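**Q** Quick one: structure below, then a few questions.
The values are calculated or read from the model by the stated rules, or taken from the named source; none is laboratory data. The model shown is predicted, which means the values in this text are computed figures rather than measured ones. With ideal geometry, Cβ positions are generated from the backbone for all residues, glycine too; neighbour counts draw on all protein chains shown.
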Amino acid sequence: MKEGIFISYRREGGSTFAGVLYSELCEHFAAENIFKDVNTLKPGSNFKKEIEIALECSSVFLVLIDNDWVLLKNEKGNRKLFAENDFVRHEIKIALERNLEIIPVLFENGSMPLESELPKILQPLRSKQSFTIHPKSVTDDIPELIEYISSKKKYKYEENTITGSYERLWKDPTTTLKSGWKIAIDRYKKDFTYFKGFLKKHKKKLDFNNSKQLLKKDNKSLKENNKKDL
């Protein structure tokens, strides 16, 4: 089930606020369901592939916009949002295509971009309702943002809680049961693979022990037969 929260941000100017927001979100939602590249991606992972997987598992997409967001340029001097290889552009494009719940979060005097400031493929972003974090009321605004995010999520309670499990079973029994079966099957496959590896690794040792036991059994039978003959 898609229950993730994806945080899209620019490292130039957005890292600090993204880190604060991530920490606050982790206080209210399961950390494993919140994607922020620095906190989520492992060294050596395929960045683009991991982003697409995270978006596939997400229902809410937060795009953090400050006052320089549309102005930032790449090494060629072109605005980043107009470069096809720009990761933020790629993230927003996929979020729009998959019809995720997109919430532009305006901070540091950021504002919604004009139509002319966005490539055509990203212009539908302008129709999304934004949420503003004011410089003088950050501590009040972030809890309101979290409450707003909760209202946009399909489920109120986290999946790994008893209440959350009952909520999912009540609202969407078919998907919940399918998900449960999938988890059970995946666990069985994992255990079976481990057991096969264990047998392969210890096969010689097991064969040797079995041979010793059979030899002892044969010796015992031989001694009993010798006693009978006497």
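**Q** Residue check, TYR157 against (1) at pLDDT below 65; (2) surrounded by 14 or more Cβ atoms within 10 Å (Cβ to Cβ); (3) assigned to a helix (DSSP H, G or I), all met but one. Which one?
**A** (3)
**Q** Anything in segment 107-129 that is without any contact (Cβ under 8 Å) to a residue 40 or more places away in the chain and closer than 15 Å to LEU62 by Cβ? List them, or say none.
**A** Correct list: LYS128, GLN129.
**Q** Further, regarding this structure: Just to be sure before I move on: is VAL20 assigned by TED's automatic domain parsing to the domain that holds LEU71, modelled with pLDDT under 85 and part of a helix (DSSP H, G or I) in the structure I sent? Give the steps one after another, and end with the answer.
**A** Numbers: assigned by TED's automatic domain parsing to the domain that holds LEU71: yes; modelled with pLDDT under 85: no; part of a helix (DSSP H, G or I): yes.
So VAL20 fails the test.
**Q** Right, next: Where the second residue is of a type in the set (Ser, Thr, Tyr) and surrounded by 15 or more Cβ atoms within 10 Å (Cβ to Cβ) and the first is in the same structural domain as ILE103 (by TED's automatic domain parsing) and lies in segment 45-64, which pairs have Cβ atoms under 8 Å and are six or more apart or on separate chains?
**A** Sorted first by the residue in segment 45-64, then by its partner, the pairs are GLU50/THR40; ALA54/THR40; PHE61/SER8; LEU62/SER8; VAL63/SER8; VAL63/TYR9; LEU64/SER8; LEU64/TYR9.
**Q** For segment 118-136, which residues satisfy the criterion of being farther than 11 Å from ILE65 by Cβ and not in a loop (DSSP other than H, G, I, E, B)?
**A** LYS120, ILE121, LEU122, GLN123, PRO124, ARG126, SER127
**Q** Next question, about the same structure. Taking only pairs six or more apart or across chains, which ones have beta-carbon atoms under 7 Å, a first residue in segment 1-23 that is in contact (Cβ under 8 Å) with a residue 24 or more places away in the chain, and a second residue that is of a type in the set (A, V, I, L, M) and assigned to a loop (DSSP other than H, G, I, E, B)?
**A** Listed by first residue and then by second, the contacts come to ARG10/LEU72; GLU12/LEU72.
**Q** Continuing with the same structure: Got a number for residues in segment 31-49 being among the hydrophobic types (A, V, I, L, M, F, W, C) and at pLDDT 85 or above? It would help to see each step written out before you state the result.
**A** Going residue by residue through segment 31-49, those that are among the hydrophobic types (A, V, I, L, M, F, W, C) are 31, 34-35, 38, 41, 47.
Applying the additional criterion that residues be at pLDDT 85 or above yields 31, 34-35.
Summing the residues that are among the hydrophobic types (A, V, I, L, M, F, W, C) and at pLDDT 85 or above in segment 31-49 gives 3.
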